[in-house]
Amino acid sequence: MSVISPAAPAASAADQLALPPPTSPLRRLLKHPRLMHHNRLAALVGVANLALLGHALTGGGWWSGGHIDLAAISAAVLANFALAILIRQQYVVNLLFWLATRAPTHWPLRIRWTLAKVYHFGGLHVGGALAGTLWFLVLSGSLTVAALRGDPAVSTGLLVVSYALLALLAVIVAMARPGYRARRHDRFERAHRFGGWSALVLFWVQTVLSVRPEPGSPLAAPQLWVLALLTFSVALPWLRLRRVRVDVSRPSNHVALARFNHGVTPFAGSSTAISRRPLWEWHSFANVPAPGEAGFRLTISRAGDWTGSFIDDMPTHVWVKGITTAGVANIETLFTKVVYVATGSGIGPVLPHLLARKVPSRLVWATRSPRATYGDELVDEILAGQPDATVWDTAEHGKPDMVQLAYAAYVAFGAEAVICISNKKLTWQVVHGLERRGIPAYGAIWDS
């Protein structure tokens, strides 16, 4: 079924196909968004740190008698921040996706269903950052107590740097709250970037003030190596910073198609971050490589001040950094067949997978006036690869029930999973609406 303006029989067929009943109450509870794998991983880090705290207060003897084990507390701080930083490193992200998608499709669906949640790894970042900040609060308090007891290893300078760093970490954590991040994403991004860099500098200053040649130093040599590794990890994407040419076309005032050919052809399903002011803000978009052609494209839709400016004032050059990074839809290879559900510019992240044809797929795309908005060339390219796609024109037929359309395509195609690329609200409607009925479904979780 290829429907630019959906035919009545197609629409009615989807409407008549009843959704399956919800699964058992316990399974529905485990599929609730608040219990998604991202949050479970964050909770797991918290539980591990509570266990460590229990050990410190009992057998570990970190605060036994007049002794405070500053080295152990510092190690707890650094271990958590190492987890938070390294789990976001682009090479680590790609490795996680590669490992998770090694499972063959003949493995039980239950196992593959869980492995495909690999993109929830951000929960480890959140858990590590929060735990690291709380341990640093403990460290700062312990340093203060040690100083009051006359410990010569704790200088006034060390205390000043520690409390300055604690205040900075508190600001970063406060600005990373989901509600604030959603309302003030640009401020959140800058606080994370500049605050993170400043925190790294202060960690080095604290290290210099802490390290002593004799045994029992608050920061031992292994921790210095970890700090060096974290510094390299943070700096690595910026070592690849460069300004490249971009050719931009504008099929409508809602969309710009940016074409790049600077010697890089990324893998399907990856994303590239671009910027016009590299120290100020970055925006990531899905790469759309064309099979057999060098370079790639980005589909940029009007969704805010930055994208609006990009479309209205099309640049000739932009900045890129780091390496292309795997996105959520890369989990498609864990399944024999998948249904892609996209709305509007969500077609951008979906298109490279449709073109690559690694996995048999069926497209359900709801968008306003597709040809007028995205141009005939792009729509024809989509339909050439997906002749049976359902393309729902919302300007003509209004907003559809995307859960119903997704389920109809899932049944008709005999798929094993559904991957949804849309806005936050609709993504949760589709993913949660299907998963609570026992159907594997996936979509972005907006955790960064």
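The values are calculated or read from the model by the stated rules, or taken from the named source; none is laboratory data. In this text the structure is predicted, and so the values were computed from the model without any measurement. Glycine gets a Cβ as well: all are built from the backbone with ideal geometry, and neighbour counts include every protein chain shown.
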**Prompt:** Residue check: is Asp305 at pLDDT below 85, of a type in the set (Asp, Glu) and not assigned by TED's automatic domain parsing to the domain that holds Lys117?
**Reply:** yes
**Message:** For the range 431-448: of the residues being of a type in the set (A, V, I, L, M, F, W, C) and part of a loop (DSSP other than H, G, I, E, B), which is modelled with the lowest pLDDT?
**Reply:** Trp446
**Prompt:** Is it fair to say Leu29 is within 20 Å of Asn80 (Cβ to Cβ) and either without any contact (Cβ under 8 Å) to a residue 60 or more places away in the chain or aromatic (Phe, Trp, Tyr) (or both)?
**Reply:** no
**Candidate set from the range 286-331 (those that are polar (S, T, N, Q) and within 21 Å of Ser249 (Cβ to Cβ)); member that is surrounded by the fewest Cβ atoms within 10 Å (Cβ to Cβ)** = Thr316
**Request:** Inspect the range 101-117 for any residue being polar (S, T, N, Q), farther than 26 Å from Thr336 by Cα and buried (at least 16 other Cβ atoms within 10 Å of the Cβ) and give the result as yes or no.
**Result:** no
**Prompt:** Are any of the residues in the range 200-215 within 24 Å of Val173 (Cα to Cα), of a type in the set (Asp, Glu) and outside the structural domain of Lys321 (by TED's automatic domain parsing)?
**Reply:** no
**Request:** Only residues that are surrounded by fewer than 19 Cβ atoms within 10 Å (Cβ to Cβ) and touching a Phe, Trp or Tyr at 6+ places or on another chain (Cβ under 9 Å): list them for the range 368-389, please.
**Result:** Asp388
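Just to be sure, is Ser64 buried (at least 21 other Cβ atoms within 10 Å of the Cβ), polar (S, T, N, Q), closer than 27 Å to Pro152 by Cβ and over 24 Å from the mean Cα position of the chain (by Cα)?
No: the conditions fail for Ser64.
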**Request:** Could you grab me the full set of residues in the range 390-400 that are touching a residue at least 40 places away in the same chain (Cβ under 8 Å) and surrounded by fewer than 16 Cβ atoms within 10 Å (Cβ to Cβ)?
**Result:** Glu396, His397
**Asked** If only one of Pro370, Pro360, Pro352, Pro387 is touching a residue at least 60 places away in the same chain (Cβ under 8 Å) and either outside the structural domain of Ile419 (by TED's automatic domain parsing) or within 27 Å of Val93 (Cα to Cα) (or both), which one is it?
**Response** Pro352
**Item:** Residues (assigned to a strand (DSSP E or B), in contact with a Phe, Trp or Tyr (Cβ under 9 Å, 6 or more places away or on another chain) and over 14 Å from Lys321 (Cα atoms)) located in the range 245-258
**Value:** Asp247, Val248, Pro251, Ser252, Val255, Ala256, Leu257, Ala258
**Item:** Residue count for the range 45-65, restricted to those that are part of a loop (DSSP other than H, G, I, E, B) and not polar (S, T, N, Q)
**Value:** 6
**Prompt:** Which ranges mark the helices (runs of 4 or more DSSP H) fully within the range 149-236 that have 1 or more residues being of a type outside the set (S, T, N, Q), modelled with pLDDT of 85 or more and within 20 Å of Ala84 (Cα to Cα)?
**Reply:** 156-175, 185-210
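Can you pull out every residue in the range 259-299 that is outside any loop (DSSP other than H, G, I, E, B), under 17 Å from Leu355 (Cβ atoms) and either in the same structural domain as Phe188 (by TED's automatic domain parsing) or not basic (Lys, Arg) (or both)?
Passing the criteria: Phe260, Ser270, Ser271, Thr272, Phe285, Ala286, Asn287, Val288, Phe296, Leu298, Thr299.
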